[in-house]
Amino acid sequence: MTVDPTLPVTSRRDRAGDPNSPGDYERRPELGIALSGGGYRAMLFHLGSLTRMREGGLLDEVTRFSSVSGGSFMSAWLGIKWNDLKAAGMTDDAWRRLILLPVLELSRETMIGLTIETLGSYPWDIVKGLVGASDLVRTLQRRLRKTFTNPATGKPYVITQLPASPRFVFCATNLESGVLFRMSADYSADYRVGALSPSDNAQLELAMAVAASAGFPPFMAYTEIKPASGSLIQYADLGRPNTPPNSAETMYEKPYIERLRLCDGGVYDNLGLEPLIKSFDTIIASDAGSPETHPQLNSKSWIPLGLRTSLLLDRQVRALRVRMLMTEYSRKLLAGSYIGIATDPAKYSTVPNQLPVSKDAAKKYGRLGTQLKPFADPSDHQRLTNWGYYCADVAVRKYMGKDRHGAQRPWPAPVYPFPESQYQP
């Protein structure tokens, strides 16, 4: 994206026109895209939503992707193919060859053989998960390393090989500091513990960043990252704008600066909004978090009860994030669009030239499990991608029909990525 230098930096208070508006941080006139967690359900939903965004030229404008868990699978693949995609002109053929079909193929591979939502019904799977948590995360790291290895060199991609622009940010939760740990080509840090030095960041494998972002506790142990130099540097020493000063919250001390213990970014923020919400004046959030609560509970055992509590906390945190985002949109503090897997087509009846879609699609695909293995019905992979495409099509055409200068976006007629698998009206 080329930012018009004549456009002023936008603050929340200026944007709201209300001196009592909360907060005083500034937002730049830039577009950020957030990709939520949700395992392969999220990866394929985002694949569809990004496909439609590309057709409308939005990927030419984005300056930052922020991702969590399953969204990080999608973001990492897009990151390693970005330069090739741009060199090919971001054409339909290049997108299909470099992104659409390879990510669909990736979803056919088993990374981890568990489905989070149904573990409460299978006690032996719970026991295996809890006992083998370290083995599971090592298995995930090993398989991701295979996926994110440069075929030209035979070496794993490192995070600094991703493009400088747009910036790809992978979100994890630091289990010891209790805050978000963000990983990207320019820096990897959380404000309490500190940051990887530039030389250490240059050795951070992309597979480890994705594993840290996607390792859902307690069924997978934390991903441990040890700085090769032996220690983190202080966050304030990064010299970045708006860097918070060292404070009473700091944890810059041993043993925390000698190793990082990271888990699924969704524990802290399952939408991936945190790296965008304070800095960008336009945000598109693609949310594939399951809307289902799986109400049937047939056990009084602490294990399924603990699992159910964990799932409810996850959904409540996500609901609060969505509510915050919607409030910012409605008060015109933010521009952009929310693309949700629970989209109700009836609410977008005013959007012209819509594709045929089943009225039950949101319920069906929202119920797909949070897992890193293929779905039971192989056709769900293409149909879920189509559903993400549909949800993005109606949401961005309704709320982002014009660019920031008021010019109409040239949206081509929508066509499902996999028309042979399209929904019946």
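Observations on the model:
- Phi angles across the range 150-162 convert, under the Karplus curve 6.51 cos²θ - 1.76 cosθ + 1.60 with θ = phi - 60°, into 3J(HN,Hα) values of 5, x, 6, 10, x, 10, x, 5, 10, 5, 6, 7, 6 Hz, Gly and Pro given as x.
- Taking 23 Å as the limit for the C-alpha separation, the pairs K347/K402; K86/K347; K86/K398; K81/K364 exceed it in the case of K86/K347; K86/K398; K81/K364.
- Under the criterion of Cα pairs below 8 Å and six or more residues apart, the relative contact order for the range 161-208 equals 25 percent.
- Cβ-defined net charge surrounding A209, 12 Å radius [Lys, Arg +1; Asp, Glu -1]: +1
- Only protein heavy atoms count here; on that basis, with a 1.4 Å probe, S199 has an accessible area of about 70 Å².
- Other residues lying with their Cβ under 15 Å from the Cβ of R143 contribute a combined charge of +2, Lys and Arg counting +1, Asp and Glu -1.
- 12 Å beta-carbon shell around D380, net charge (K/R +1, D/E -1): +4
- Within the same chain, aspartates and glutamates fewer than 8 places from K278 are excluded, and of the rest, those with a Cα less than 12 Å from its Cα are D24, E26, E30, E328.
- Alpha-carbon centroids, the range 346-425 and the range 145-185: separation in whole Å: 28
The values are calculated or read from the model by the stated rules, or taken from the named source; none is laboratory data. Here the structure is a predicted model, which is why all the values come from computation and not from measurement. All Cβ positions, glycine included, derive from the backbone under ideal geometry; neighbour counts span all protein chains shown. Surface accessibility is based on the protein's heavy atoms, side chains included, excluding ligands, DNA and RNA. Shrake-Rupley method; radii C 1.70, N 1.55, O 1.52, S 1.80 Å.
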